[in-house]
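Take a look at the structure below.
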């Protein structure tokens, strides 16, 4: 840095204006190049770590991680996927059974991978994770471009560079564990971040396509179409200075068509069993295998008469706030999308740590909100407790038999409570910052809730 | 006459005269040729009156001092009043009604033996000693209630002469036989005797009104002075009018002659029936009886039911006799119709017996085992020709109706059911006597037709019906534990193809409740034959117990369906545990005595499979034979009734006398893994033979064990210890559906010679709703056995499996399929906290409410 400034000073003496601008440009280019190199290093290091563990300790992966309920759910388990592929190879419909509930897209992909050595499967998982990290980095860059105008006076430049965002995602232990467990949730995550990136870049059709794929892979990301539609409308709004209902409607129609086409196509191939095994299975939470969510123990214990009622209540809670949340943060659809990812992660029927890892991966994009968070200590602690206690309590309950189901249930409650705390702390921070942008004079005042 | 008189006068006291009694008395006494009559109401009353008359007469004319006898004969039936039943010999009439009136008897007072009917010498013996004391002798000219017993000609005459010799009143009960019934006015007239007292009833009024009468001479009748006997209704004007009218009909319509000719015609018709079922046709006039031979537990009652079905009502007496007393006014045509009906019913009856050419056989196989225990294997089998589908009437004689109807109702041609407890120790006991020895309850049926939905319904109905019949929880066999195997049960070729369903309840306990209905299906139940030995206390107190049945249909050459129904029961009993040493008898072993063979059985045997030496049997067996290369002693229960076989074993020093018994292929299954969330199954299959064996392997696991078929690995270890991967020739895997169907893995494998093959696959354990756990949730779930099935090949070496040897000895079948069942295993599933529902609802809903509150806050909060 100091060398650079000396050069700049020298140039400025020769031709003050042009020299300074040229120097700034050079500096910028150098910073960008350095940033790109850093990003590449991060991606390579992250991938290498994963690949080494996968190749060096295959036993750890297949016997321990992939059967952890915190990482693999009935709709994302790699073991179940392999069983589905096995059945389809032997001419049995994988959906005519209680085991396989994943998308036919994955079935096709893994039938191809099945004939290749295991290394290729590992490479696919590592590559998907790297792509997610890369897309997050691109998102960070794009957001940095867009939000330049949108600043609180006196706020200094962002420290969360794209490489930092990628680092936060790739080296999050939850992300690493999810990849090592080969949970198929990562494919859904890739589709989600791609959709967000395409949306923020104004590539509406691509965004819709990615959302449809994500929704096809794990159903819940369908709610992301709301912020995607807003993103499409925002880019037009800047030109026309008003919201276009037609834009939103068009986006929704395209999405409905894409999703419908995907489902109908596969329903035509696999019959109605496909629908029951995927969509219906997800909505009714038919498999009560424990996970880090709220559904499993509730529906083990609930009386049969109330089952349908609570399915509706739980699923409505998870899905119904997509539109109001998106509208509330309509000026920043990316933030709305992040909030929805967080809501899904906490309330979906088969959540896993992988869902939280995506939410945590998106958080650094909103680094500017960090100082507005009021309960960061609480939520961090809750999440750490939840994540740390779950395996311990599982071991006590299932392996040793010295604990019971309530132990693990308590850990999941803490975990979900931590997510909810973080989620709404974040939402509150966003609103508080908006207030600061619009009314800089109120910055020092505390907001008293009515 | 009845209505006419009823409108005039119904009753007046005997103290007054009326215009009817006198006229009637005159008419009746003249009609029957007696001097005096005493009118009464019912037959029993008239008999009582006659007894009183006789006693009074004895008092006056024989100087008896209230100790006179009135005697009857064995099998008499005169009524049911106290005096009469004092004389009866029928326990049904007497038991519990005592004490009885002294000196009214059908028993010789000296010897206590009964005075037999149709045996005048018995009467003579009594009169010889007590003649002076006997006032009267009461007899029926034909014993009606006893079964229309017509005495030898001369018997009554001889009795009459004896009575005259000892000055005893000869009293004749003509209530049933009198007034034209037997072709003469009084039945006694056939013997040309004029009894001292005649008792009339029944027909005296033509069935309109209760009227009876005692006829006698002036001398006898006047023994009773006015005021010493009486009756309110006796001889009331109405009765008198009716009696006179009835007798006038008898006289005017010449019913006496009619009864005689029609009776002859009737008996002649019936005698034309040439059937071994009819033992005798007898009677006089229109009082007749058919005596049938009881066959296979069927009695006259069953024939009466057939008669009823064809429109003829008749009543059986004494199990084997049907009494036929048509009205005297019957026409010849009506009588012919009756004959026709009887002929047809008898034909039906015999057809029913012969319909399926039903035959029954019972066998008991006793096999002392290597370890000192004893295998008892009972087999009861019935064969019949199944009725054609369009036949609406079904006769069940030996074949159990329950099974026949279940088979028809649910379209089942092949049915196997077994209840088993205790494992079969193949390493010590060799081949089991039956092909189904999996612990618990197993049902297998082939349901006709290919409609899956329909067969599903039939299967559900079938298991429910069987559940009801055998008091078992077979109704818990539903779609979640029913499999449709394709390879394992191909051997049982049935008349029709259909969907084979196989259901298993590993948790079913077997108890007396199941045995009792099972025994009830045996033709002789546990009343005779081998059924006598079925003592539940001993059978259930055994190391292995299996009870079952199988129904198999085959098509005969002429297109008929032959059904074979076999009930089997095997038990491995330990004599030393019962405190029996080296010498014990069959009756000590089962604590029941063997009796005569079941009469319905065409074969009834006890087979004893002998060790090569060291066993002495007593008594000597009837014959010897060979079974699976072993010497077998046979006892035929039909030639040797009430045999009790004593077994005496030489002290066991040389184990050579007990050949080592191992099956060709053995299968053992273990559950692997630890922890509550997943596990695995490992099955070891051993082929001991010198040639490769083709087997099929079936493992059905409930849905809550989520089987990963891709984890299946089959490895085989040759004799030299090297392991190789084995590929199945066929694989059928049906994945489970949650709460919908079990997973079923079926493999066809070729086990190399002298090899040990290991099958491994893994599963995840499902998490159940708390209501789906059994009350003792932490005990775990019993998982049914895997079944290995193979064709026994003589070239493969080893002895012929026991059940095949039995089958071969009976039917000469050469095919031999062996099935080996593995052990059950216990899968413990993770349990929730059963006391938590309300807490869980509260906590979870709190979190949801928290979410809702925060999001509501976020959406509505306005900083501006």
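No value in this document is a laboratory result; all are computed from the given coordinates. In this text, all values refer to a predicted model and were calculated from it rather than measured experimentally. Here the Cβ is made from the backbone with ideal geometry for all residues, glycine too, and neighbour counts use every protein chain on show.
Note on B:302, B:591: ascending count of other Cβ atoms within 10 Å places them as B:591, B:302, the fewest first.
Here the spin labels are modelled as points 7 Å beyond Cα on the Cα-Cβ line, and at residue B:218 and residue B:280 they lie 4.3 nm apart. Counting only DSSP H runs of at least 4 residues, each contributing -39500 (n - 2.57), and dividing by the residue count of chain A, the helix-based mean residue ellipticity at 222 nm comes to -22500 deg cm²/dmol. In the protein assembly as shown, the inverse of the mean reciprocal separation of distinct Cα atoms equals 40.3 Å; this is its Kirkwood hydrodynamic radius. Please work out the FRET efficiency for the pair residue B:208 and residue B:229, using the Cβ-Cβ distance as r and a Förster radius of 30 Å; give the result to the nearest 0.05. So the FRET efficiency works out to roughly 0.75. Stokes-Einstein diffusion for chain A at 25 °C, viscosity 0.890 mPa s, with a Kirkwood radius from C-alpha pairs, works out to 104 µm²/s.
Of the residues A:21, A:302, the one with the fewest other Cβ atoms within 10 Å heads the list, and the complete ranking is A:21, A:302. Counted over region A:11-126 with a bin width of 5 Å, the fraction of Cα pairs per bin, in whole percents, is 2, 10, 13, 14, 13, 10, 6, 5, 5, 5, 5, 4, 4, 2, 1, 0.
Equivalent ellipsoid of region B:96-255: semi-axes from √(5λ) of the C-alpha gyration tensor, largest first, are 29, 20, 15 Å. Computed over the Cα atoms of region B:41-146, pair by distinct pair, the Kirkwood hydrodynamic radius stands at 13.9 angstrom.
Value of Rg to Rh for chain B, rounded to two decimals, is 1.16; Kirkwood radius and Rg both from alpha-carbon coordinates. In the elastic network of chain A, a GNM with C-alpha springs shorter than 10 Å, the most mobile of A:134, A:360, A:87 is A:87. Computed from the Cβ-Cβ distance with R0 of 22 Å, the FRET efficiency linking residue B:613 to residue B:428 stands at 0.70. Size check on region A:279-336: the Cα extents along the three principal axes, sorted descending, read 44, 22, 19 Å. For the peptide B:566-578, the mean number of other protein chain Cβ atoms found within 10 angstrom of a residue's Cβ is 0. Label-to-label distance, residue A:119 versus residue B:36, with points set 7 angstrom from Cα along the beta-carbon direction: 13.4 nm. The residues A:384, A:131, B:37, when put in order of fewest to most other Cβ atoms within 10 Å, stand as A:384, A:131, B:37. The helix-based estimate of mean residue ellipticity at 222 nm for chain B, built from -39,500 (n - 2.57) per DSSP H run of four or more residues and divided by its residue count, is -8000 deg cm²/dmol to the nearest 500. Take every pair of alpha-carbon atoms less than 8 Å apart whose residues are at least six positions apart; their mean separation over the length of chain B yields a relative contact order of 9 percent.
Against the main long axis of the alpha-carbon atoms of chain A, helix A:2-14 sits at an angle near 40°. Thinking of region B:461-532 as a set of Cα atoms, what percent of all their pairs are more than 14 Å apart? Pairs farther apart than 14 Å: 70 percent.
A crude spin-label estimate for the pair residue B:252 and residue B:94, with each label 7 Å from Cα along the Cβ direction, gives 4.6 nm. Shielding by partners for peptide A:291-300, expressed as the average number of C-beta atoms from other protein chains within 10 Å of each residue's C-beta, is 5.
The calculated FRET efficiency for the pair residue A:283 and residue A:144, based on their C-beta separation and a Förster distance of 35 Å, comes to about 0.35. Within the listed set A:434, A:368, A:399, the residue fluctuating most in the Gaussian network model of chain A (springs between alpha-carbon atoms under 10 angstrom) is A:399. Report, in degrees rounded to the nearest 10, the 0 to 90 angle that the Cα long axis of helix A:185-200 makes with the longest principal axis of chain A. Rounded to the nearest ten degrees, it is 30. Taking 0.36 nm per residue of separation and subtracting the Cα-Cα distance, full extension of the segment from residue B:272 to residue B:371 would add 29.3 nm.
The reciprocal of the average 1/r between distinct C-alpha atoms defines the Kirkwood hydrodynamic radius, which for region B:666-757 equals 14.3 Å. Relative to the dominant Cα principal axis of chain B, helix B:300-309 is inclined by about 90°.
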